[in-house]
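Q: Below you will find the structure I want to go over with you.
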Amino acid sequence: MSDMKGRFSLPLSRPRGGWALAIQVTIAVLTTLGLSTWQVSRGFEKSELRNVYVDRLATAPIELKEFVEGDSYYKKMELVGRFDQQRSFIVAYKRHLGVPGFWVITPFETEIGTFLVNRGWIAMDRTWFHTPVVETPLEQLKLLGVVWPNVPQRSTVGYDGDTWPKRVNRQNVAKMAEITSAFGEEVRLLPESEAVLTPIHLTFEQGASTHWSYALQWLVIGAIIVLGYWYFALRRPDEDS
C-alpha cells in the first residue's frame with residue numbers, strides 16, 4: 001500500500017533560497033517583461049502617430065466643412081469667424097525659451113461651431129498669480145492653425161467661478177470645451193496667422209525612441225534580477241558544497 005502511495009505522489013523539491021524568494025523573483029521578472037512589452041507597443045503607437053504628424057503637417061490646410069472631431073488632429077485648418085469677447089482661458093506655468101509666461105486660449109465662433117483657439121504665449125506680468133491683460137480682436141478673422149490632439153488632464157483648478165478670463169493651472173481641454181460648448185480639441189495658431197501672439201512650437205512631444213529606451217531599461221532590470229538570484233541563491237550553495 002505504501003509502495004502505491006509513493007508511486008503516485010510527486011513531491012516538489014524546495015528551490016534553493018526558499019519558495020518565498022523564488023516566487024518573488026518570478027513575479028518581478030514577469031512584471032519587468034510585461035512593462036517592457038507595454039513600452040514596445042507604445043513605441044510602435046508613437047511611431048505611427050509621428051508618421052501621421054509629419055504627413056498631415058505637410059498637406060494643405062483643410063476647410064471647416066472638412067473638419068471631423070476626433071479625427072483631424074495634426075491637420076492644418078482655416079477658420080473664419082469671431083473670437084468670444086467675454087471668455088478666455090489663461091493657462092499658467094508655460095515657458096517660452098526659458099521665460100515664464102502663459103498660454104491664451106479663446107473660444108472662436110464659426111459657422112459649424114466653436115473652436116478652442118490657442119493664440120500662443122505671453123510673458124508673465126509680475127507674478128504667476130497676476131492674470132495678464134490680453135486684447136481680443138473684435139472683427140471677423142481668418143485664422144490658420146493646427147488641430148492638436150487632446151491630452152487628458154485631471155486638474156480643474158481655476159475653472160470654477162464666473163470670473164473671466166479664467167486663470168487656470170493646467171490646460172484641461174475637455175473642461176474648457178464643457179464650459180464653452182466648444183469642440184473638444186485645441187487649435188494652435190501658426191506664426192503666419194492673424195491674431196497670433198508668440199507662436200507655440202509645434203513639436204511632437206515624445207517619440208518612439210523614448211519608449212524603446214524604457215523597454216530596454218526594464219529588460220536590463222529583469223536581467224539583473226535573474227543574475228542576482230542565480231548568484232546569491234543558485235550558485236553559492238554549489239561553491240560551499
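The values are calculated or read from the model by the stated rules, or taken from the named source; none is laboratory data. Please read these numbers as outputs of a predicted model, since none were measured by experiment. As a convention, Cβ positions derive from the backbone with ideal geometry for all residues, glycine included, and neighbour counts pool all protein chains shown. Accessible surface areas use protein heavy atoms only, side chains included; no ligands, DNA or RNA. Shrake-Rupley method; radii C 1.70, N 1.55, O 1.52, S 1.80 Å.
Q: How many nm separate the modelled label positions at Arg170 and Arg56, each set 7 Å beyond the Cα in the direction of the Cβ?
A: 2.3
Q: Take the chain, connect every pair of alpha-carbon atoms lying under 10 Å apart with a spring to form a Gaussian network, then pick out the residue of Thr106, Thr180, Thr127 with the largest mean-square fluctuation.
A: Thr127
Q: Can you tell me the FRET efficiency between Tyr93 and Arg235 if r is taken as the Cβ-Cβ distance and R0 is 41 Å, rounded to the nearest 0.05?
A: 0.20
Q: If you take the beta carbon distance between Val134 and Glu192 as r and set R0 to 25 Å, what does 1/(1 + (r/R0)^6) give as a FRET efficiency, to the nearest 0.05?
A: E between Val134 and Glu192, to the nearest 0.05, is 0.80.
Q: Then there's this: So with the 1.4 Å probe, I'd like the accessible area per residue for the range 99-219, rounded to whole Å².
A: With all protein chains present, the range 99-219 gives 51 Å² per residue.
Q: When the chain is treated as a GNM, springs tying every alpha-carbon pair under 10 Å, which of His130, His201, His96 comes out with the largest mean-square fluctuation?
A: Looking only at His130, His201, His96, the largest GNM fluctuation is found for His130.
Q: OK, next. For the range 117-241, with all protein chains present and a 1.4 Å probe, just round the carbon and sulfur fraction of the accessible area to a whole percent.
A: Heavy-atom surface of the range 117-241 belonging to carbon and sulfur, 1.4 Å probe: 57 percent.
Q: Sequence gap of 8 or more, or different chains, plus Cα separation below 29 Å: how many lysine pairs satisfy both in the chain?
A: Count of close lysine pairs: 23.
Q: Please give the length that would be gained between Leu202 and Arg126 if that part of the chain were fully extended, namely 0.36 nm times their separation in residues minus their C-alpha to C-alpha distance (nm, one decimal).
A: Net length gain for the segment: 24.6 nm.
Q: To continue, here is another question. Rounded to the nearest 20 Debye, what is the dipole magnitude of the range 69-175 about its Cα centre when Lys and Arg each give +1 and Asp and Glu each give -1 at the C-beta?
A: 480
Q: Taking the Cβ of Ile23 as the center, what net charge do the other residues with Cβ under 14 Å away carry, scoring Lys and Arg +1 and Asp and Glu -1? Mind dumping the intermediate values first?
A: On the way: positive: Arg14, Arg16; negative: none.
In short, +2.
Q: Further question: With only Lys, Arg, Asp and Glu charged, each at its Cβ (+1 for the first two, -1 for the last two), find how big the charge dipole of the chain is about the Cα centre; round to the nearest 20 debye.
A: Dipole about the Cα centre, nearest 20: 1060 debye.
Q: For the pair Thr37/Val157, report the inter-label distance in nm, with labels modelled 7 Å from Cα in the Cβ direction.
A: Taking the simple label geometry, Thr37 and Val157 are separated by 3.9 nm.
Q: P(r) tail for the range 89-241, what percent of Cα pairs lie past 22 Å?
A: Numbers: 6252 of 11628 pairs.
That tail contains 54 percent of the Cα-Cα pairs.
Q: Using θ = phi - 60° and the Karplus form 6.51 cos²θ - 1.76 cosθ + 1.60, what ³J(HN,Hα) does each residue of the range 29-42 get, whole Hz, x for Gly and Pro?
A: Couplings: 5, 4, 5, 5, 5, x, 5, 5, 4, 5, 5, 5, 5, 5 Hz.
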